[in-house]
Amino acid sequence: MQRSVRVALFIAFCLALAYFGGRDALQQPENGPARERPTPRQRTEANDRQTPATISGKVVVIADGDTIQLRAGEQVTARMEGPVTVRLEGIDAPERGQPFGDQSRRHLSELTYGKEATVEVLGTDQFDRTLGIVRVEGEDINNAMVRDGFAWRYLHSDSQELARLESEARQQKRGLWRDREPTPPWVWRREHPRDSQ
């Protein structure tokens, strides 16, 4: 093969690698094949679609303590097809079947279900869920879930505010922190891979 052809193939390979996410896209998650929550930096092709900076609508489903669905306005749903699934950015709540999983889901329901919410869209995760900060009547629901002791600050979150709120919730034994040693959801998912799917 001629040198110029090899150089051209190498450049094409490098460009393709950079376009499709580089080296990180080819690596397996740190914790192996167990389903882990993606970080904001783990973007998918879904991010290439044009997404509005905010979405507003009525919360119609509470999937668990950190995932809701809302029925957004016509303008948004025309582009996004049906209810929008929103993963609350920066937090990680107990899974269904995990201790405090039901309480966490109920608490998120009390804060949001049937109410008008505004979501500051930050991207999408590997499951094509919208990542965002949810607000109801001006209250930051992501912060409220951690503050009230019904979610952890997400393992890869760099939010100092969420770290502070989690620390306060632990000290005051709010919500799941009443348990002496609550199991973090990322550990639960690794130990119960079928229960968390």
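The table below lists the values:
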{"quantity": "Segment 80-145: C-alpha gyration tensor shape, a/c 1.5 cut-off, then a/b vs b/c", "calculated": "oblate"}
{"quantity": "For segment 109-121, Karplus couplings with θ = phi - 60° (6.51, -1.76, 1.60), whole Hz, Gly/Pro x", "calculated": "5, 4, 7, 10, 4, x, 9, 6, 10, 10, 10, 7, 6"}
{"quantity": "Projected-area mean, segment 91-197, by convex hull of Cα positions, square nanometres", "calculated": "7.1"}
{"quantity": "About the Cα centre, charge dipole magnitude for segment 78-197 (Lys/Arg +1, Asp/Glu -1 at Cβ), debye", "calculated": "360"}
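Just so you know, all these numbers are worked out from the coordinates, no wet-lab data involved. This structure is a prediction, so every number in the text was calculated from the model and none was measured. A quick note on method: Cβ atoms are made from the backbone with ideal geometry, for glycine too, and the neighbour counts reach across all protein chains shown.
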